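A short worksheet on the structure shown next.
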Amino acid sequence: MTQEKEKIRLQKYIADCGVTSRRRAEVMISEGRVIVNGSVVIRQGVKINPIADQVMIDGKRVILDPTLAKKTLLLHKPLGYVTTMDDPQNRRLVKDLYADLNERLFPIGRLDINTSGLLLCTNDGELANQLMHPCYKFEKEYHITVAGLFSKNDLALLRCGVELEDGPAQPLKAEIKRSHSRQSVLTMVIREGRNRQVRRMMTALGFSVVALRRTRLAFLTLDGVKNGSWRWLQKAEVDRLRQMAL
Ligand code: URA
C-alpha cells in the first residue's frame with residue numbers, strides 16, 4: 001500500500017516533471033487536462049505517488065526525469081543560523097531561509113553558527129557525497145578578520161602550515177588584505193573541510209577570529225547573492241561540479 005508520506009501534490013509532480021510551473025499545472029488540472037490512473041482529476045490538492053501512479057496530460061504520459069527533480073541552491077548564509085536540519089536549542093535554521101520552497105533541501109557540509117557565506121543546499125544525495133567526500137577536495141575560500149596585527153611573519157608561518165590536534169593543516173593560498181594593530185583581514189584558500197578548521201588554524205597562530213565568511217566554493221562565488229538570500233544552481237554549474245569530481 002502507498003505510504004502517505006511518499007505522496008506529493010499533483011501540481012508539484014507536474015512541475016517537477018518539467019512540464020510547467022505549479023500555478024500553470026493547477027490551471028491544467030482545473031481545465032480537465034490531467035488524468036491520473038485513467039481518471040480525470042479536476043479537484044485541486046490531490047496527492048499522488050510519483051512512482052506508482054500514472055499521470056497523463058493532454059493524452060501524453062508525464063514521467064519524472066530524475067535529473068530535473070534534483071535541486072541545488074546557493075545560499076548566502078547569514079550569521080546566527082545553524083546548518084543542521086533540526087536544533088534542540090531552537091536556534092534559527094538555514095532551511096528556514098528557503099522554507100517557502102517546500103522542498104527538503106539539506107546543506108552540503110557545515111558552516112558554524114558564527115560563520116557567514118556560501119553554502120550549497122540540495123536534495124541530490126549523490127552531488128552532496130561528491131562534494132563532501134575527502135577524495136575530491138574542492139577549493140574553499142574564506143575572508144577572515146582576526147583581532148590584532150597579523151604580520152608578514154605570521155603569514156609566512158601560516159603558509160608553512162600549522163599543527164592541529166587532528167593533523168597538520170596548510171592553506172593552498174593565504175594573503176593579507178589589511179593589517180592594523182586592532183584588527184587584520186586576510187583571505188585563505190583550503191581544500192579540506194575539517195571541523196572549525198579555519199578558526200583552529202588561526203588559534204594555532206595565536207589569533208582569535210572576529211569574523212569569518214566563506215566567499216567561494218570551487219568556481220562558485222557569492223556574486224549577486226545578498227546576505228540571507230539564495231539562487232538556484234544552473235544545470236551547467238551542477239554538471240561542472242560533477243565533472244570536477246571525476
Ligand atoms: N572553518 C571554520 O572554522 N568554521 C567554518 O564555519 C568553516 C570553516
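Values quoted throughout were computed directly from the atomic coordinates according to the rules given, and no laboratory measurement underlies them. What you see is a predicted model, and the numbers here were worked out from it, not measured in a lab. Reconstructed Cβ throughout: ideal geometry from the backbone, glycine too, with neighbour counts over all protein chains shown.
Odds and ends about this structure:
- Convex hull volume of the Cα atoms of the stretch 99-196, normalised per residue: 125 Å³.
- Each principal axis of the Cα cloud of the stretch 2-62 was taken in turn, and the coordinate range along them, longest first, works out to 28, 22, 20 Å.
- Per residue, the average separation of C-alpha pairs within less than 8 Å and at least 6 apart gives the chain a relative contact order of 18 percent.
- Within-15-Å neighbourhood charge of Asn37 [Cβ basis; K, R +1; D, E -1]: +3
- For the stretch 140-217, the relative contact order is 46 percent, taking Cα pairs closer than 8 Å that sit 6 or more residues apart in sequence and dividing their mean separation by the residue count.
- Proxy reagent accessibility, fewest Cβ within 10 Å first, across Asp154, Asp53: Asp53, Asp154
- Taking 7 Å steps out from each Cα toward its Cβ at Gln170 and Ile113 produces label points 3.6 nm apart.
- A crude spin-label estimate for the pair Glu237 and Ala69, with each label 7 Å from Cα along the Cβ direction, gives 2.4 nm.
- GNM flexibility winner over the chain from Glu165, Glu139, Glu103 (Cα, springs under 10 Å): Glu165
- For the stretch 85-100, no residue has its backbone nitrogen under 16 Å from a point 7 Å from the Cα of Met244, taken along Cα to Cβ.
- In order along the stretch 175-184, the phi-based Karplus estimate (6.51 cos²θ - 1.76 cosθ + 1.60, θ = phi - 60°) of 3J(HN,Hα) comes to 9, 8, 9, 8, 9, 9, 5, 7, 8, 10 Hz; Gly and Pro are listed as x.
- One Cα centroid belongs to the stretch 200-246, the other to the stretch 36-52; the line between them spans 41 Å.
- Residue-normalised convex hull volume from the C-alpha trace of the chain: 158 Å³ per residue.
- FRET efficiency for the Asp223 to Ile8 pair, using the beta carbon distance and R₀ = 30 Å, is estimated at 0.35.
- Cα radius of gyration and Dmax for the stretch 12-110 (Å): 17.3, 51
- Inverse of mean 1/r across different Cα pairs in the stretch 140-217, Kirkwood, Å: 12.2 Å
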